[in-house]
Amino acid sequence: MRHPLCKTIVSAALLAAFALPAPNAQAINFGGLFGSPVDAELAAQVPPNKREAMNKADYELACANQDLELAKLKEELADKQDDLANLNTKLAKSQSRAAEIALDIAKMEAIIGSNLGNAEDNDKILKDLKTDRAKNEAERSEYKSKIGQSTLFVRDWTQRVAVKEKSVAEFKARRNSGATAAASTASAVETAKAVEEPTVITNPEPEAAPEAAPATPESDLNN
């Protein structure tokens, strides 16, 4: 009786030991599992002149999220279109079966009208065929009703996708124009700084004319 209890105690102790972190083990960071591990407050304090890479990555993320939303809408539209295609296939099969039943009824009526075969069997077969025809008509009516509703769904989701595609295109164009405007503004600021602080070119002073050589006795004698 003691062995099961001992095993239970040992198992609990082992589980507790595995659950405890190792002395030198680093703490597991679960930030990536539940969101960005980056401190938003610290990121907000980054100066504007060091935010270029951040702004570009933020723009790419926003575009990716827009594309994801559009992809989900397209997936939903594809599902609706698939449902509609399946219903159309079922209706086509039902209509093919209706044509077969109509042919069999026409054959049986011709047989009965020609007084061929066993009259009792012929009547039973014709009765069963007419029952099948009634069921088939109800089935085709149901398919047509579902197809009408599914067609409206496809039309609605097609419109949603079209609207979202336009919205995504406008979003990207707006963000691109904003980035271009920011770059132009930065360029203009640099140009303005260059104008306000013109480069000063210092020209060297012209060399002084060489001094006349002092008169020598020989020159005085020549004069």
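Listed values, structure above:
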read-out: For PRO47: the one exception among (1) in contact (Cβ under 8 Å) with a residue 12 or more places away in the chain; (2) surrounded by fewer than 11 Cβ atoms within 10 Å (Cβ to Cβ); value: (1)
read-out: Count of residues meeting criterion [closer than 30 Å to ALA169 by Cβ, more than 24 Å from the chain's Cα centre (by Cα), part of a helix (DSSP H, G or I) and not aliphatic (A, V, I, L, M)] in segment 38-69; value: 2
read-out: Qualifying residues in segment 116-140 (those that are loosely packed, with under 12 Cβ neighbours inside 10 Å and polar (S, T, N, Q)) - the one nearest to LYS93 (Cα to Cα); value: THR131
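Just so you know, all these numbers are worked out from the coordinates, no wet-lab data involved. For clarity, every value in this text was computed on a predicted model and none was experimentally measured. With ideal geometry, Cβ positions are generated from the backbone for all residues, glycine too; neighbour counts draw on all protein chains shown.
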